[in-house]
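Here is the structure we will look at, set down as structure tokens.
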Amino acid sequence: MPKNFFNKTKILDGGMGQTLLARGMPAKGSLWSASALVDSQFHQLILDTHLDFIDAGANVIITTTFTTRRMRLMENNIINQFEALNIKAGKIAMHAKQKRPHIMVAGGLPPQNLTYEADSRLKHKITKDFYSQAKLLDPYVDFFYLDVLSSIKEFECAIAAIESLNKPFLLGAHISEGRCLPSGERLSELKSLVTHQNTIGVILACVSPEVGLKNLTELKSLQVPFGVKLNAFKTTSPDNGYNNQLKNCCPGNPNEILGKRQDLDPSTMARYIQKFQDAGATILGGCCETTPEHIKAITNLIIKKDHQKETILK
């Protein structure tokens, strides 16, 4: 995979977990998207959803591995399925690429402990967890996507974990609100990591459009290909006790805690995405609560804009 892959505009997929729920995947505990991997009758649904995102315009799909991390499987008493579920997710994504060879597959490496909160564990433990998941996905993916990480330490651990696999990686930093990662660190502190030889870009991951725009200037200042995966949750702030509620009541759908915005329909989301593209972003996509319809609207707007540029140049 060329290191300059994201120098030109590429569209990432949307929110697999929420789309699978909307399409009939039954929720099991806090397994979220992994529920569809556990039950083989939903493997076709995962494949079809990957293909629908591709057919909507996505150039990149991400493996359905956000909740196949060790911690989440232990929480649901199925840690014995860790290898099988990650491998299955990789194989399904690879199958989608076999059907649509023009796309790239990103191996999603999520936070290895809690979501939207910095991992306070020792670095060697975090690194070990990242590696155990990455090595299973490695045969099936073109690059790794460090998905919704909340601290510089987590990025350092993830990069150390995949060093020996020698694959490109995309950094996905999360900011719940304001201008800092949940760890309290700024995006500018990623500067030493974006210069790594295998870094192919950096995005704001699973953020609201408003948070994304607030941090756009600092993101752009990192001077590598940049972009966003926008969500349509009402909040991702750890201050609202998401992880505690998740442990205590295990809702099947995260939006029971985080809420779902009604104002971010496909055309509205696409207009937000256009603001990022106008600022120079080349990595554009959706996250939780964004569907193939959102990706289609984003694709159409980008195609229209590119056509207008070509007309002006002529």
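Bear in mind these aren't lab numbers, they're just calculated from the coordinates by the rules spelled out. Not measured: the values here are computed from a predicted model. Here the Cβ is made from the backbone with ideal geometry for all residues, glycine too, and neighbour counts use every protein chain on show.
Tell me what the chain gives for mean residue ellipticity at 222 nm when only DSSP H runs of n ≥ 4 count, each as -39,500 (n - 2.57), the sum divided by the residue total, rounded to 500 deg cm²/dmol.
-13000 deg cm²/dmol
Per residue, the average separation of C-alpha pairs within less than 8 Å and at least 6 apart gives the chain a relative contact order of 21 percent.
Using only Cα atoms, locate the centre of segment 24-45 and the centre of segment 2-20, then give the distance between them in Å, rounded to an integer. Answer, in whole Å: 22.
Using every pair of separate Cα atoms, the Kirkwood estimate puts the hydrodynamic radius of the chain at 19.1 angstrom. Packing order of peptides 123-133, 151-161, 286-296, highest average first: 286-296, 151-161, 123-133 (average count of other Cβ atoms within 10 Å over each peptide's residues).
Between M104 and V60, I61, the built amide H atoms are under 5 Å apart, and every one of these is 5 or more places off in sequence or on another chain.
By the count of other C-beta atoms within 10 Å, a proxy for reagent exposure, H43, H102 are ordered fewest to most as H102, H43. Of interest is the spacing of the C-alpha centroids, which for segment 57-120 and segment 146-199 amounts to 18 Å.
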